[in-house]
1. For the stretch 142-160, name all the residues that are under 21 Å from the mean Cα position of the chain (by Cα), surrounded by fewer than 17 Cβ atoms within 10 Å (Cβ to Cβ) and either in contact (Cβ under 8 Å) with a residue 24 or more places away in the chain or under 22 Å from I291 (Cβ atoms) (or both).
2. Quick one: which residue in L198, L127 is open to solvent by 60 Å² or more (accessible area, probe 1.4 Å), touching a Phe, Trp or Tyr at 6+ places or on another chain (Cβ under 8 Å) and aliphatic (A, V, I, L, M)?
3. Since E72 meets every condition but one in (1) among the charged types (D, E, K, R); (2) open to solvent by less than 80 Å² (accessible area, probe 1.4 Å); (3) within 30 Å of V281 (Cα to Cα); (4) touching a helix residue (DSSP H, G or I) at 6+ places or on another chain (Cβ under 8 Å), which condition does it not meet?
4. Could you tell me whether any residue of the stretch 52-69 is within 19 Å of T193 (Cβ to Cβ) and of a type in the set (G, A, S)?
5. Looking only at the stretch 223-233, filter to residues that are open to solvent by 40 Å² or more (accessible area, probe 1.4 Å) and part of a helix (DSSP H, G or I); which one of those is nearest to G17 (Cα to Cα)?
6. Just to be sure I understand the filter: pairs with C-beta atoms under 8 Å, separated by 6 or more residues or on different chains, first member in the stretch 215-236 and more than 15 Å from K309 (Cβ to Cβ), second member open to solvent by less than 20 Å² (accessible area, probe 1.4 Å) and among the basic types (K, R). Which pairs pass?
7. So G133 fits all but one of (1) loosely packed, with under 12 Cβ neighbours inside 10 Å; (2) at pLDDT below 80; what number is the exception?
8. Which condition does K220 not pass, out of (1) over 15 Å from the mean Cα position of the chain (by Cα); (2) surrounded by fewer than 18 Cβ atoms within 10 Å (Cβ to Cβ); (3) part of a helix (DSSP H, G or I); (4) not hydroxyl-bearing (S, T, Y), if it passes all the others?
Amino acid sequence: MSRLGNLGARLYRGEVGYDFIGKRKIWYGISILITITAIVGLAVSGLNMGIEFKGGAVFTTPKTSVSVNDAEKLATDSSGHQAIVQKLGNGGLRIQITEVDTAKSDQIKGELSKGLDVPAEKIAADLVGPSWGEQIANKAWTGLGVFMVLVVIYLAIAFEWRMAIAALVALIHDITITVGIYALVGFEVTPGTVIGLLTILGYSLYDTVVVFDSLKEGTKGITKQTRWTYSEIANRSINGTLVRSINTTVVALLPVAGLLFIGGGVLGAGMLNDISLALFVGLAAGAYSSIFIATPLVADLKEREPQMKALKKRILAKRAAAAAKGELNEAEQEDERSVEDTAPAGAVVGQRQEPPRGHGRTPGKRR
């Protein structure tokens, strides 16, 4: 068995583990700090909305020798707005310019024709109205709201309402961080971004449900025992599913990282950035929230129940009594050892010393 597999087996059996629940205040603090940073970035920088949401024009040119940087400068100067230029596979260019109407589009098309040395009739110009992007955004918000409601209902029925609340908080946490990262890095928000945001919710919920299912199994009949508190069982559930969560997250992140860093960064396929950044940040945030946010939050909510408070009180009292008894036994054993040190060899404390077998008997033949 590999080292990781062996570690996973030991974590599952409870032989080793990390106290995630005990250090939950640290995780809460880190999450609050990250969330505040994301919100500040969103408020200060704002989202770089794509042409689908702002409206504008998209110009597609045939093959040209003009570089992307030169074409971007030409289009920006011609329109007065920041242009986004992408190199196409056939050697042509795709130029996006936001907030452009029909009259302005014709003017820009003429200037691009001169600057790129391409006939105007070979440059395709498509106008995109902002209403289409607004419809996509409204439908996305509607879908997000319906998804959240269904998640809460399902988790409340399959598990309990505390787990439903914790999962909802984790999902909002993941979306906030992902949107904040988009604002901080300035990536363009397109319909692909919306698809990526909706996709990460499923991944985040999957990791959370895996831990919750283990927690549900581990807490059956919890009030009938006095060995583990709810928080300790929750901690064992996290450790038991930790390697599985890491493996699934890493496997999912690898192809997404290829799209983001190789496809979008190295090869310059900018359109891949729209969905890949949302997936990459969302998957990482989802794995984090499942372990460090959702389950500790459930433990906090459950430990406030009267039954769980009474159980924890009984367990702590039992452990204190066992610890006191253990200290007493150690003191008694120390006293016995000190007496034994002063007693003759072979003497037993509390017993009359008997002469060794065979001593005191008259030597002779056995009868």
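1. Passing the criteria: L144, F147, M148, Y154.
2. Unique residue meeting the criteria: L198.
3. (4)
4. Yes; the residues of the stretch 52-69 include at least one that is within 19 Å of T193 (Cβ to Cβ) and of a type in the set (G, A, S).
5. If we take residues in the stretch 223-233 being open to solvent by 40 Å² or more (accessible area, probe 1.4 Å) and part of a helix (DSSP H, G or I), then E232 is nearest to G17 (Cα to Cα).
6. Once the first residue is more than 15 Å from K309 (Cβ to Cβ) and sits in the stretch 215-236, no partner that is open to solvent by less than 20 Å² (accessible area, probe 1.4 Å) and among the basic types (K, R) comes close enough.
7. (1)
8. (3)
The values are calculated or read from the model by the stated rules, or taken from the named source; none is laboratory data. Computed from a predicted model, the values in this text were never measured in an experiment. Note that we place each Cβ from the backbone using ideal geometry, even for glycine, and neighbour counts take in every protein chain shown. Quick note on the areas: whole protein, heavy atoms, side chains included, nothing else; ligands and nucleic acids left out. Shrake-Rupley method; radii C 1.70, N 1.55, O 1.52, S 1.80 Å.
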